[in-house]
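Undergrad: Right, I'll just put the structure down here and ask away after.
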Amino acid sequence: MKLSIKDLLIFTLLTVTMELALIWALQIAPPDRMQGDVQRIFYFHLGSIWPGFLAFFYVMYGSARYLAGRDLHWDRKSLASGEIGLVFCTIVLTTGPIWAKPTWGVWWSWDARLTSTVVLWLIFLGYINLRHYIDDESKRPRISAILGIVGACVVPFVYMSTRLFETQHPKPVIMGDEDSGIKDPNMTIALVLAMAAFTLLYICLWRIAVTQFQARDRLDKLKTRLSLLEDEY
Amino acid sequence: MSYLVAAYSVVWVVVSIYIFTLIRRNRDLDKTVETLEARIARLESEGLDRTE
Amino acid sequence: MTLSIQFHQLTKQFGETIALWRAEEQFHPGDRISLLGHNGAGKSTLLHILATLTKPTSGTVTWHLDGEACSDVRRVRARLSFLSHEPMLYPDLTALENLQFINRLYRRGLSDSELVGLLDQVGMAIHKDRLFRTCSRGMQQRISLARALLPEPEMLLLDEPFSGLDGEGVARMKDVFTRAHTCWLMVTHHLQHGYELANRFWIMNRGRLVHSLHKSDLSYEAYLKLCQGSKMEARNS
Amino acid sequence: MSPVVSVFSAMLHKDLRRELRSREIFISSFLFSIILLTVIYFASTSSGVKYELMGAGALWLCITFSGTIGLNRTHQSEMVNNCYRGLILSPADGGWLYLAKVCSNWLLLSAMEVLLLPLIALFFHVDLLQSPGWLALSLLLGTGGFVAVGTLVVVITANTRMKDVLFPVVQLPLVVPALIAGVNSTEVALRGQSPWNWIQFLLALNVVFLSVGFLLYEFLLEE
């Protein structure tokens, strides 16, 4: 896979922001008054939710573009974006309980954000898996594009419904909610850096996955042309 | 403190799992390239016998 | 209203297998074409593409209504009828109820008596209030023929219509197909009917439209030899 | 407007006539719900959850599962004799076919709910007439949201290999917002207050998914 300059640029930018985010999150940002150092998990827990959103809305955009122009390229892009969105969702779902245990004393609490991330995770697991069960290759992009759009449309409603549910049934006493403690400027910088680092990671992984899908498509084309040639002989 | 380390390592584990799937796909691509090359080689040898 | 179809470099691929490869032909009003070829030659694929059921991987199909090209697929579908061994009718409804549904779906506005008249044409008027699933195979095929004739299509697309029919059923089918100014494209394995009813022949072999001939310049023996030819190649591929 | 209305009424008429004649979907969903209610009772007593308060949750659990079964059955009966291909080949506009199918599924599910409500009142000692207007509204809108997504997804998974298994797996996460809103608005309605915020949410949900379905159904009408 020849690396174009753009890839190199993004890659260096990624490593730089990753380093900065790590330094900021671990050293510079002050520990939270109530939860101590454990609160630092929060930086990239929230940091990785943002690219997850980005990924799922890109799936909608890519699927809509595919349905409009029937260009396979768009289908590959939304598939790659869906996969990486799933990766970030898994990160949120795994770091969430690790962070909830010390702060709320329980591995899992049906907190609005965690529940909606679970639903998100299931929706896009369904989107990715549906493809393996569609036998007819010409139908596969069209069908999963429709599921991609519907899935992405559900996302805002999932978040709204869990938040509406939470405002109506206020949680029993929680030790410190994540907004506890005044937002020290360093904290916000660490958060923004973490978000930027994860978004760049998303872009980097996405570009690799898309180029890989395209390579596979080119190979398939070669295969059919070859089988045509073999028919001639 | 150990939770912090655990959380960070989990992030890298998840990301590396995805990177491994990418690498595995790359290996599949290389395999198909090899099969294609084999088929082309066979075709060329077949073509040569015919033209001789 | 006349309907003609033109397709250019029509290709359909299912993954690596090529079902249809760069087919190029025209269908003019008044044509009665038999589409022949070995199993898996791509006959049904071509039929499905022309029936607006599936989109080709590449190449173009243009339908001409009264001469001018029509891109609105719905207007084309109103002028086409598809008949295959799957009757496309609801088992829990009676024959008449099924036709009433199709009548309103195609907005033909026929009265019940006209629908019964249509059933009578295929000899099924007496069974009009019988649940579709209780009808025999031959009766179902005839009711689905009535369904195909209901929208008075310009063109019938037939996918092995004679399969599973008794003598009388075949006779009914044949007199509908040979009725004045009905034109159709029929996929069939029944070489004898294929030759007898059609005035043009398309012969396919391994996804390619290899022969396109008129009945005038093709005797029955030559026709049989050609069909045998395409069948031979199928066996050793 | 008349061509569209005739297609819409043709589809609706056909679906309802088919269902009234075979009644298979209705019976299977209704009986399934009764069994579900008894299981819920045993689950709640052993777990010490206050049984009477679970009325709304139980009702919606029955609606979800019998709805999923019903949707799967209605689409499969459409695939018999390949009637779905008949719909593809008809000159009818895809969006209106979608709305007709949503409407018929919605009527079937609502009819089933009407039968289920007295059972819920009986089992959970719930007074249905506290605020019947809000209750009816929340049930109807919630079923609308559920069916709008379900009718689209059942066609999506119909193209796959293990469609019976895949349909619930793909559909249920997509209907979670409709279910959360449905359960909560029913619960508030059963208590007699007015669940206005949930009703607004459900309205928005219905509008969005009916229009998304209306636009996307075209692309499913292909073989």
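The values are calculated or read from the model by the stated rules, or taken from the named source; none is laboratory data. Source: prediction; values computed, not measured. Positions of Cβ are generated from backbone atoms using ideal geometry, with glycine treated the same way; all protein chains shown enter the neighbour counts. Side chains included, ligands, DNA and RNA excluded: accessible areas come from the protein's heavy atoms. Shrake-Rupley method; radii C 1.70, N 1.55, O 1.52, S 1.80 Å.
Undergrad: Got a sec? Which residues of segment B:13-38 lose 50 Å² or more of accessible surface with every protein chain in place, vs. that chain alone, 1.4 Å probe?
TA: Relative to the lone chain, where solvent access is computed with a 1.4 Å probe, segment B:13-38 loses at least 50 Å² at B:Val14, B:Val15, B:Tyr18, B:Leu22, B:Arg25, B:Leu29, B:Leu36.
Undergrad: Using a 10 Å cut-off on Cβ to Cβ distances, tally the other chain neighbours for every residue of C:85-97 and report the average as a whole number.
TA: Details: counts 1, 6, 5, 10, 5, 12, 6, 11, 5, 2, 0, 0, 5.
Going residue by residue through C:85-97 and averaging, the value is 5.
Undergrad: Roughly what would the spin-label model give for A:Ser109 and C:Arg137, points 7 Å off Cα along C-beta, in nm?
TA: Reported label-point gap for A:Ser109 and C:Arg137 is 6.8 nm.
Undergrad: Restricting to DSSP H runs of at least four residues, report the calculated mean residue ellipticity at 222 nm for chain C, -39500 (n - 2.57) per run over all residues, nearest 500 deg cm²/dmol.
TA: For chain C, the value works out to -10500 deg cm²/dmol.
Undergrad: Under a GNM of chain D (C-alpha, springs under 10 Å), which listed residue has the highest mean-square fluctuation: D:Asn81, D:Asn159, D:Asn105?
TA: For chain D, modelled as a Gaussian network with Cα springs under 10 Å, the answer is D:Asn81.
Undergrad: State whether chain B is rounded, prolate or oblate according to the following rule on the C-alpha gyration tensor (a ≥ b ≥ c being the square roots of its eigenvalues): a/c under 1.5 gives rounded; otherwise a/b larger than b/c gives prolate, and the remaining case gives oblate.
TA: The shape class here is prolate.
Undergrad: Sorted by mean Cβ packing within 10 Å, highest first, what order do the peptides A:79-90, A:95-106 take?
TA: Values: A:79-90: 25.2, A:95-106: 18.4.
The peptides rank, most packed first, as A:79-90, A:95-106.
Undergrad: Something else: Could you give the angle, 0 to 90 degrees to the nearest 10, between helix A:5-23's Cα long axis and the longest principal axis of the Cα atoms of chain A?
TA: Tilt relative to chain A: about 20 degrees.
Undergrad: When Rg is the radius of gyration of the Cα atoms in segment D:3-222 and Rh is its Kirkwood radius, what does Rg/Rh come to?
TA: Here Rg/Rh amounts to 0.98.
Undergrad: Per-residue Cβ counts within 10 Å, from other chains only, averaged over D:210-217: what number is that?
TA: 3
Undergrad: Using θ = phi - 60° and the Karplus relation 6.51 cos²θ - 1.76 cosθ + 1.60, list the HN-Hα couplings for segment D:80-95 in order, rounded to whole Hz, with x at every Gly or Pro.
TA: Listing the rounded values in order: 5, 6, 6, 5, 4, 5, x, 5, 4, 7, 7, x, 6, 6, x, x Hz.
Undergrad: Another question, then. Rounded to a whole number, what % of the accessible area of the protein assembly as shown do carbon and sulfur atoms account for, probe 1.4 Å?
TA: Values: 20710 of 31880 Å².
In the protein assembly as shown, the share of accessible area belonging to carbon and sulfur is 65 percent.
Undergrad: For segment A:35-171, what does the relative contact order come out to in percent, with C-alpha contacts under 8 Å and a separation of six or more?
TA: In percent, rounded to a whole number, it is 30.
Undergrad: Per residue, how much accessible area does the protein assembly as shown have with a 1.4 Å probe, in Å²?
TA: I get 43 Å² per residue for this part.
Undergrad: Can you quote the Å³ per residue value for the convex hull of the Cα atoms in segment C:42-107, rounded to an integer?
TA: Dividing the Cα hull volume of segment C:42-107 by its residue count gives 116 Å³.
Undergrad: Per the helix-only calculation at 222 nm, which mean residue ellipticity applies to chain A, given -39500 (n - 2.57) for every DSSP H run of n ≥ 4 and division by its residues, nearest 500 deg cm²/dmol?
TA: On the way: 7 runs with 179 residues, N = 233.
About -27500 deg cm²/dmol.
Undergrad: Another question, then. Considering only C:Leu118, C:Thr134, C:Gln100, whose Cα is most displaced toward the positive end of the charge dipole of segment C:90-152, charges sitting on Cβ of Lys, Arg (+1) and Asp, Glu (-1)?
TA: Farthest towards the positive end: C:Thr134.
Undergrad: Taking every residue in A:130-137, how many Cβ atoms of other protein chains lie within 10 Å of its Cβ, on average?
TA: Per residue, the number of nearby Cβ atoms from other chains is 5 on average.
Undergrad: Using a Cα-Cα cut-off of under 30 Å, which lysines could be cross-linked to C:Lys128, ignoring same-chain neighbours fewer than 8 residues away?
TA: C:Lys174, D:Lys14, D:Lys101
Undergrad: Then there's this: According to the square roots a ≥ b ≥ c of the eigenvalues of the Cα gyration tensor, what is the shape class of the protein assembly as shown, taking rounded for a/c under 1.5, prolate for a/b larger than b/c otherwise, and oblate for the remainder?
TA: Because a/c hits 1.5 or more and a/b fails to exceed b/c, the protein assembly as shown counts as oblate.
Undergrad: Given C-alpha coordinates of chain A, what is the ratio Rg to Rh with the Kirkwood estimate of Rh? Working shown, then result.
TA: On the way: Rg = 21.0 Å, Rh = 19.8 Å.
Looking at chain A, the ratio lands at 1.06.
Undergrad: Something else about it: State, as an integer percentage, the relative contact order of segment D:3-222 based on alpha-carbon contacts under 8 Å between residues 6 or more apart.
TA: 27
Undergrad: Simple spin-label model, 7 Å along Cα-to-Cβ: A:Thr15 to A:Asn129 in nm?
TA: 3.8
Undergrad: Placing +1 at every Lys and Arg Cβ and -1 at every Asp and Glu Cβ, with all other atoms neutral, what dipole size does segment D:157-223 have around its Cα centre, in debye to the nearest 20?
TA: The calculated dipole for segment D:157-223 is roughly 260 debye.
Undergrad: Now for a separate question. Can you compute 3J(HN,Hα) from phi for each residue in segment A:195-210, using the Karplus curve 6.51 cos²θ - 1.76 cosθ + 1.60 with θ = phi - 60°, rounded to whole Hz and x for Gly and Pro?
TA: 4, 4, 4, 5, 5, 5, 4, 4, 5, 4, 4, 4, 5, 4, 4, 5
Undergrad: So what's the net charge close to A:Phe56: Lys and Arg +1, Asp and Glu -1, counting the other residues with Cβ under 14 Å from its Cβ?
TA: Every neighbour counted, the sum reads 0.
Undergrad: Also: Can you give the net charge of the other residues whose Cβ lies under 11 Å from the Cβ of C:Phe177, counting K and R as +1 and D and E as -1?
TA: Numbers: positive: C:Arg32, C:Arg172, C:Lys174, C:Arg179; negative: C:Asp175, C:Glu196.
Neighbourhood net charge equals +2.
Undergrad: Angle, helix A:112-133 long axis vs. longest principal axis of chain A, Cα atoms, 0 to 90°, nearest 10?
TA: Long axis of A:112-133 versus the principal axis of chain A: about 10 degrees.
Undergrad: Under the classification rounded if a/c is under 1.5, otherwise prolate if a/b is larger than b/c and oblate if not, where does segment A:1-102 fall, given a ≥ b ≥ c as square roots of the Cα gyration tensor eigenvalues?
TA: oblate
Undergrad: So for chain A, averaging the separation of alpha carbon pairs under 8 Å that are six or more residues apart and normalising by length, what relative contact order in percent results?
TA: 35
Undergrad: Could you give the dipole magnitude of chain D about its Cα centre, charging the beta-carbon of Lys and Arg +1 and that of Asp and Glu -1, in debye to the nearest 20?
TA: In total the dipole reaches around 260 debye.
Undergrad: Could you give the angle, 0 to 90 degrees to the nearest 10, between helix C:112-121's Cα long axis and the longest principal axis of the Cα atoms of chain C?
TA: 50
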